[in-house]
Amino acid sequence: MTGKRKILVIIAAAGLILAAAFAILWTNLDWIVENAIERYGSQATGTRVRVRGVALNPVKGRGVIEGLTVANPHGYSAPHILSLGAISVRIEPRSIASNPVVIDDIRITSPLVVYETNEAKVANVDVLKKNLGAYRPEKPATRGKKGTKEEGKRLRIRHLVIENAKAEVRVAALGDKPRIVTLGRIEMTDIGGKNGAPPEEVAKQIVTAILSEVSKEVGKAGASKLLENAVERALKRK
């Protein structure tokens, strides 16, 4: 075999390997994204984050995420502190293989937050906020074998809207009937900045925004007064 033919064979083999790699990435993209959400979300919140399913269409740059839940911190009765409704995603297709991955738009419709207090009158929302504040993501850049920097994947979200959200306010220890509080529309832009941010940091920013809105609206609704009324009713039943 001549040198020229050997080069052509090597190029062809490399092309096949590259094509196979892209095929694996393409066919497993839903699974990759689902696992990334669960991994980085759990790291950021300190509780279990799970996703029922992910369906992405890289060609059209659109996708849907279903059944995303964030488990309640330890010591609270409700299984989840946060259950997100339908999540639609519009992504810049060319950025999937680049860094940062650019997400043009995320729409979260009808999420439900459970605002729960324990016997010590500590709200689960405050516990989760503390977890988020204490979390420090790992450095995205590590040294490669030859001393070059290998950067972790970063995300940039240009526009995010959360609407028709509600909070279920309950005093779990007293078995009080839940109250439903309607939350205001949340809109965020350029999450991660021009250069993007680690996925866990992006998750932290989004969850913090939701929890802050919950605390604000529940405060307006007089959560402390609801708690006092629940205690009074419980004492009367004894």
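Of all residues in region 60-71 being surrounded by 16 or more Cβ atoms within 10 Å (Cβ to Cβ) and in a strand (DSSP E or B), which is farthest from the chain's Cα centre (by Cα)? Steps first, please.
Of region 60-71, the ones surrounded by 16 or more Cβ atoms within 10 Å (Cβ to Cβ) are 61-63, 65, 68-71.
Filter once more, keeping what is in a strand (DSSP E or B): 62-63, 65, 69-71.
Numbers: R62: 17, G63: 15, I65: 11, T69: 9, V70: 9, A71: 12 Å.
Taking the candidates together, the pick is R62.
Basic (K, R), part of a helix (DSSP H, G or I) and farther than 21 Å from M188 by Cα, is that true of K121? Can you show your working first?
Working: basic (K, R): yes; part of a helix (DSSP H, G or I): no; farther than 21 Å from M188 by Cα: yes.
Against the criterion (basic (K, R), part of a helix (DSSP H, G or I) and farther than 21 Å from M188 by Cα), K121 does not qualify.
Out of everything in region 138-173 that is crowded, with 16+ Cβ neighbours inside 10 Å and modelled with pLDDT under 60, what residue ends up being farthest from V33 (Cα to Cα)?
A173
If the requirement is being modelled with pLDDT of 75 or more and on the phi > 0 side of the Ramachandran plot, which of these qualifies: G41, G61?
Working: G41 fails: on the phi > 0 side of the Ramachandran plot.
Going through G41, G61 in turn, just one is modelled with pLDDT of 75 or more and on the phi > 0 side of the Ramachandran plot: G61.
How many residues are open to solvent by 20 Å² or more (accessible area, probe 1.4 Å), among the hydroxyl-bearing types (S, T, Y) and more than 24 Å from L132 (Cα to Cα) if we restrict to region 85-119?
2
Sort out which residues of region 73-110 are polar (S, T, N, Q) and either in a strand (DSSP E or B) or modelled with pLDDT of 95 or more (or both), and write them in order of number.
Step one: of region 73-110, the residues polar (S, T, N, Q) are 77, 83, 88, 95, 98-99, 109-110.
Of everything in region 73-110, those that are polar (S, T, N, Q) and either in a strand (DSSP E or B) or modelled with pLDDT of 95 or more (or both) turn out to be S83, S88, T109.
Anything in region 72-86 that is aliphatic (A, V, I, L, M) and over 14 Å from the mean Cα position of the chain (by Cα)? List them, or say none. Walk me through it before giving the result.
Start the filter on region 72-86 by keeping residues that are aliphatic (A, V, I, L, M), which leaves 78, 81-82, 84, 86.
Residue satisfying the conditions is A78 alone.
What are the residues in region 176-192 that are closer than 23 Å to Y76 by Cβ and loosely packed, with under 15 Cβ neighbours inside 10 Å, if any?
The answer is K177, I180, T182.
Condition (residue is open to solvent by 40 Å² or more (accessible area, probe 1.4 Å), part of a helix (DSSP H, G or I) and modelled with pLDDT of 85 or more) applied to region 217-226: is it met by at least one residue? Let's see the steps before the verdict.
Pass one, region 217-226, residues open to solvent by 40 Å² or more (accessible area, probe 1.4 Å): 219-221, 224-225.
After this cut, where a residue has to be part of a helix (DSSP H, G or I) as well, the list is 219-220, 224-225.
Checking the rest, the ones that are also modelled with pLDDT of 85 or more come to none.
No, region 217-226 has no match at all.
Scan region 75-84 for residues that are open to solvent by 20 Å² or more (accessible area, probe 1.4 Å) and touching a strand residue (DSSP E or B) at 6+ places or on another chain (Cβ under 8 Å) and jot them down.
From region 75-84, those open to solvent by 20 Å² or more (accessible area, probe 1.4 Å) are 75-77, 79-80, 83-84; that's our starting set.
Across region 75-84, the qualifying residues are Y76, S77, P79, H80, S83, L84.
The values are calculated or read from the model by the stated rules, or taken from the named source; none is laboratory data. Everything numeric here is computed off the predicted structure, so don't read it as measured data. Note: ideal-geometry Cβ built from the backbone for every residue, glycine included; neighbour counts use all protein chains shown. We work out accessible area using only protein heavy atoms, side chains counted, and drop any ligands, DNA or RNA first. Shrake-Rupley method; radii C 1.70, N 1.55, O 1.52, S 1.80 Å.
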